[in-house]
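These notes are about the structure you will find just below.
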Protein chains: 6
Amino acid sequence: MEIHIINPTITTSWHEDTRRTYAQVARPGTVIRVVTLKWGTASIESYRDEALVVPDILTNVVRAEQAGADAVIIDCMGDPGLYAARELVAIPVVGPAQASMHLAAMLGHQFSVLSVTEQDVPAVAEQAARYGLATKLASARSFGIPVLSLRDDVDQTIGKLVDVAERAVRQDGAHVIIPGCTGLAGLAPRIQAGLADRGCEVPVLDPPSVALKLAESLADLGLSHSRRTYPSPPAKEIRWPADGAFGD
Amino acid sequence: MEIHIINPTITTSWHEDTRRTYAQVARPGTVIRVVTLKWGTASIESYRDEALVVPDILTNVVRAEQAGADAVIIDCMGDPGLYAARELVAIPVVGPAQASMHLAAMLGHQFSVLSVTEQDVPAVAEQAARYGLATKLASARSFGIPVLSLRDDVDQTIGKLVDVAERAVRQDGAHVIIPGCTGLAGLAPRIQAGLADRGCEVPVLDPPSVALKLAESLADLGLSHSRRTYPSPPAKEIRWPADGAFGD
Amino acid sequence: MEIHIINPTITTSWHEDTRRTYAQVARPGTVIRVVTLKWGTASIESYRDEALVVPDILTNVVRAEQAGADAVIIDCMGDPGLYAARELVAIPVVGPAQASMHLAAMLGHQFSVLSVTEQDVPAVAEQAARYGLATKLASARSFGIPVLSLRDDVDQTIGKLVDVAERAVRQDGAHVIIPGCTGLAGLAPRIQAGLADRGCEVPVLDPPSVALKLAESLADLGLSHSRRTYPSPPAKEIRWPADGAFGD
Amino acid sequence: MEIHIINPTITTSWHEDTRRTYAQVARPGTVIRVVTLKWGTASIESYRDEALVVPDILTNVVRAEQAGADAVIIDCMGDPGLYAARELVAIPVVGPAQASMHLAAMLGHQFSVLSVTEQDVPAVAEQAARYGLATKLASARSFGIPVLSLRDDVDQTIGKLVDVAERAVRQDGAHVIIPGCTGLAGLAPRIQAGLADRGCEVPVLDPPSVALKLAESLADLGLSHSRRTYPSPPAKEIRWPADGAFGD
Amino acid sequence: MEIHIINPTITTSWHEDTRRTYAQVARPGTVIRVVTLKWGTASIESYRDEALVVPDILTNVVRAEQAGADAVIIDCMGDPGLYAARELVAIPVVGPAQASMHLAAMLGHQFSVLSVTEQDVPAVAEQAARYGLATKLASARSFGIPVLSLRDDVDQTIGKLVDVAERAVRQDGAHVIIPGCTGLAGLAPRIQAGLADRGCEVPVLDPPSVALKLAESLADLGLSHSRRTYPSPPAKEIRWPADGAFGD
Amino acid sequence: MEIHIINPTITTSWHEDTRRTYAQVARPGTVIRVVTLKWGTASIESYRDEALVVPDILTNVVRAEQAGADAVIIDCMGDPGLYAARELVAIPVVGPAQASMHLAAMLGHQFSVLSVTEQDVPAVAEQAARYGLATKLASARSFGIPVLSLRDDVDQTIGKLVDVAERAVRQDGAHVIIPGCTGLAGLAPRIQAGLADRGCEVPVLDPPSVALKLAESLADLGLSHSRRTYPSPPAKEIRWPADGAFGD
């Protein structure tokens, strides 16, 4: 099985980390390929950023299908371009936020999302509602470290995450925790351990791992998204810059 | 007062009609300017189309503010790029769908949207929910004429719209009707009259007019969107094709 | 255009202030007329008060239409008699609470209402739900000054409003603020400035102004409420005291 | 125990029927007293009608408490004045719609209300939502006989009710039926039998009986409405016509 | 009238207290019979406990109908086996939680439940949602005394309940309070008085009393649950341990 | 990896089919073990049936963990005992309905469940709401074949399922279909093909396969349910029939 990961930014320095992260949780026999965008933004922290990364995400999702991928994962908790991408391909397209929110809803009464910035809080609430999970969201709480600084001091990042997660558990009633940025990949076990030390035994999900397991499962089952929800767009004229031509 | 209308497609043939449509309902003293996109799609009938028009919408919204516009309207019922655009400017950015759904909710118990295609039906439901109006949406029903053919035979288009609207009123309990495409601008009075002839006296909104009145009202009141919901994006690297450079 | 304002109380001392408030935000050419009730209560702070003002509101709404008004505004945040009044006239009848809640929902993620008394809190929640906006209400919080004392010490009133609004923003996640009494007309800019000084940049609406802009817009558009929701009542015997005869 | 029934109309011809209806289901020892309004409308079929009956309902609810009633029932499925009346007295004030909707919600998955007119349909939906029962309402369906004609041909009335109720059961999934007008008092067993003959075995409630049992139960339990929701209105000037003076 | 109370545990020491509790609020002429389970758990504080008491509850509900009971009450705030029991008998089966939540919803804006343990909090929220009352639940808050210790020091128990209830009123907006365990039967008046002493005048329900009044009312009205929701199970093979044979 | 399947009935004839069904979709290296209940009912078609199978399900889930299972699946679309079982073990306990509903919600706008009997329709709605997915359920529709007859004439069963599923797609707006009984295991591809032949291209899930993939994924990820939602029950006296002793 071959699963392609779209790093939906132009930040090439994440490329190898992303590949390793996914490869570590992949089943034996699952091949992981990562592509980084040519056009877009360095990170995704606003609706503007999402808007600018989606066109090249679409180009790369189409290419992934043409190259024989069994499934594609868009490696960002905003799930940018998820619906548009599904219109263009038959293979499953997986968003880590959608996958994690649904898994969290199955594992406990309500979940909280630890979001990067204060401005993500309403966006997370809209996302949960769009996925049908408004009643399962205990809260979104931001930890306030910019995406590009998450790895500057990992211990400090984890410390902040545990602090915020503890408030989500004690004050908001969260029973499951979702780190709200794929830049936090692999840190879930340490957050979960930190919470347990403070008397808060709750599962902490690792969204990339959850997305990968969903992608593998869909490929195993021969299932993909519904064509009724995501039909192929009608043919029409598209004009796009020559050297960044959409779909080229 | 100066209000800029973004025709969020590359179809220049709509340009003059759009200008006239808005100018007809503008107050004396309101200047209407229309811009058509350089990059994007010929019409908007899928999530893919939305994704491809948003970058150039953002460029044009920013330019509108720089050129002194008092408000901007994105002339499409998908409200493409509404949230992202608001992050980039201080002036009000108005979406005809958001404006019409809220007005409809004020005028009657529930409203229905007449959507272009069957695939719009779930998108309209998600839109109503995102705007907080899930309980006010009686139904979305498609009338099945492609956007670029809406004006081929206007009488036939109106006939289909009245048929579908009547079912929305009688079977779904719609008390207000919203035509679901700005390409139907100006037809609302004829749809309303057609419905009245069949015993269905309900208001039929003209979304571009409604959007214009909201834009004028916000400019009058000195009000705009909340910076808490739509903060300015943090500075970061953006890479975009040279001859279509975003924000150029 | 002529817009009639119903001061839905028997307190004539508000008459001139109300007229000036609305006239200040009216467009050139919009004539504002204010009527004060003959029968009812001195202010509206309970369901009992609402019940006692509605009959004379209805009388005055009917008279307004007969006198050629293009729209009517019921100048109270309880929107007393809004639905009943719409049954009796064809012209638009606007409630400041309905108009403000929908505008607030368009400008940001969620809004809070600053209510006069603690007992208004559940009433505001019911109102938001009735208007279809339950998911957009962050909170109602009371500031605890009786309606008839709001203007005794305006600086103190504003101070309390800013305190309560700040809590709504910081603790409840409000992104837009609605002062919950039309007796606070004109104070929105000072509340907004006070909040900005404390680091809370959010729009604060002035409900009478918002209602006026909606009334002007509806008159411009030739739109009014749906007869399906608000049909004319069937003819029947009505018995009412001679010197206060309903509809006299 | 003494329970007062407010006939919230000026139609005195219903007086004795109403008394007998309630007396038949009262427990031994429960005294039933009925009062009919001096001011108001002949029946209640619109928001206008509700507005005009509430002031005299309030007068009579206060009088009932002064006269030693243990509980009061407002005998109309619009529950007119329910909230305002509760502000004015300490004894329980019961509305047949609220009582019936909650009982219906306890007896089966979802209930339908058979409403008098088409225009009641949205009003019933708002009522169910206000009482917290939006998810338990299968549908409101009108049977289209004016209130004052319900008893002209009782067999025909029952025939229509059974027809409409059957559609509610088969098409809307109703598992419990509520006749939507207290003018239908006592007909529930015949509707239930008619439905059973057609293969629809569902409980059909008699709202006046349900209201009476709730009133008796509250009096037995020494319980009444919460003062936090329905506080006493603050003292203030009230002006009301001399010969119909409110509260006289 | 004869009403049977199922003590849905194997704790026989509660038997006489339970009988007296119900007898005290029964109407003259209502006979109360209590049965305690042969198989099950000593108290009900988990989903596991609920699962183990339901089979013998069903046996006893069937026996109650055979013995001529007019209604049955399952004396636990988890309402264990309520739906299954209704499938097996025609007489009303009443759950104290369902009865109390609906009554509380009628008496005030929102109610809170004082639950035994922290783990009950999500269970109470699911219960309220299942009964259609999600929007009426202000909060569930635990007071943290095991069921079997509730009567060890009644003053201390009441003190804790008043503390927790006060927080529900002041912080969560509860207007009505429901003690969340039938082991607290009879303490409601003291909790209500304790709250009033602290300035929180709200009704505090006694769930067993509320259940009994509902059972009496249903028997009076000749009403029971809907067969559409709770049809008789189809005949099929059941295998059960010989000396605890289900239904023996 | 070892995954245990609980056949939650006493029908041993399903044992081998169930084992083969799961083994066919298991990954290489996943061992499938099936256990059938000693005590309970022959099939599960009512709340009564669910109540009688849960105790022995719990016994077997505990045994599965003791025997070294990595996860357990309760093979019934009622997910009987799911919450109680999770209290008793640390390994993941998976319900096919919960797993399928969440997967369906990820693959399309809304899903429908094809339920065995008409009486399952409200139960499915309650289930979807409990899992947080009320807004994603398009409908539940019954196909009316008793569980024990599903395999009598498989072609006829599939014919009925396709008929009912087509109505769910065309009339209710279902974009994904869930067969509502694990007795239909393996038939999903034929239902999906039958729908496609009629112009309804939608994914049809096979709930046992979906449950197995979720179980494998959870085991891979080292994740299980939250102890905050499903804490271990406190120790207490349990009395159970000697020869069917719970937990023996």
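List of remarks:
- Percentage relative contact order, chain B, counting C-alpha pairs under 8 Å, at least six apart: 21 percent
- For region B:26-72, the fraction of C-alpha pairs more than 11 angstrom apart is 70%.
- The mean number of Cβ atoms from other chains found within 10 Å of a Cβ in peptide B:156-166 is 0, as a whole number.
- Residues in region A:35-62 reached by a label modelled at residue B:235 [backbone nitrogen below 16 Å; 7 Å Cα→Cβ]: A:42-43
- Angle in degrees between helix B:120-130 and the longest Cα principal axis of chain B, rounded to the nearest 10: 70 degrees
- Choice from F:218, F:52, F:107 with maximal GNM fluctuation in chain F (Cα, 10 Å cutoff): F:107
- Between the amide H of residue D:142 and those of D:115, distances stay under 5 Å, these residues lying 5 or more places away or on another chain, with hydrogens modeled in the peptide plane.
- Copies compared at residue C:62 - label distances in nm, ascending, label defined 7 Å from Cα in the Cβ direction: 2.6, 5.9, 6.5, 6.5, 7.5
- Projected label distance in nm at residue E:156 and residue C:196, using a 7 Å step from Cα toward the beta-carbon: 5.8 nm
- Residues whose placed amide H lies under 5 Å from that of residue F:34, excluding near-sequence neighbours: F:5
- Cα-based equivalent ellipsoid of the protein assembly as shown: semi-axis lengths in Å, sorted from largest, via gyration tensor: 46, 45, 30
- Against chain F, whose longest principal axis comes from its Cα atoms, helix F:47-66 is set at around 60 degrees.
- Within a Gaussian network of chain D (alpha carbon springs, distance under 10 Å), most fluctuating of D:17, D:75, D:153: D:153
- Across identical copies of the chain, residue F:12 has label-point separations of 3.7, 6.7, 8.2, 8.2, 9.6 nm, listed in ascending order, with the point defined 7 angstrom from Cα along Cα→Cβ.
- With N as its number of residues, chain A has a Cα radius of gyration that, divided by 2.2 N^0.38 Å, comes to 0.99.
- Principal-axis tilt of helix D:207-221 within chain D, Cα atoms, nearest 10 degrees: 50 degrees
- When all alpha carbon pairs of region B:52-116 are counted in 5 Å bins from zero, the resulting P(r) reads 4, 17, 26, 20, 14, 10, 7, 2, 0 %.
- Around the amide H of residue F:110, modelled in the peptide plane, lie the amide H atoms of F:175, F:176, all under 5 Å away and 5 or more residues distant in sequence or on another chain.
- Beta bridges per DSSP with both ends in the protein assembly as shown, % antiparallel, nearest 5: 10 percent
- When the helices of chain C are scored as -39500 (n - 2.57) per DSSP H run of n ≥ 4 and the total is divided over every residue, the value at 222 nm lands at -13500 deg cm²/dmol.
- Taking chain A as the region of interest, the number of lysine pairs whose Cα atoms are within less than 30 Å, with members eight or more places apart or on different chains, is 5.
- Long-range tail of P(r) for region E:19-157 (Cα pairs > 21 Å, %): 49 percent
- Nearest residue to the symmetry axis between D and C, taken on chain D by its Cβ, in whole Å: D:241, 2
Here, each number is a calculation from the coordinates, and none is a lab measurement. Note that this is a predicted model, so its numbers are computed, not measured. Here the Cβ is made from the backbone with ideal geometry for all residues, glycine too, and neighbour counts use every protein chain on show.
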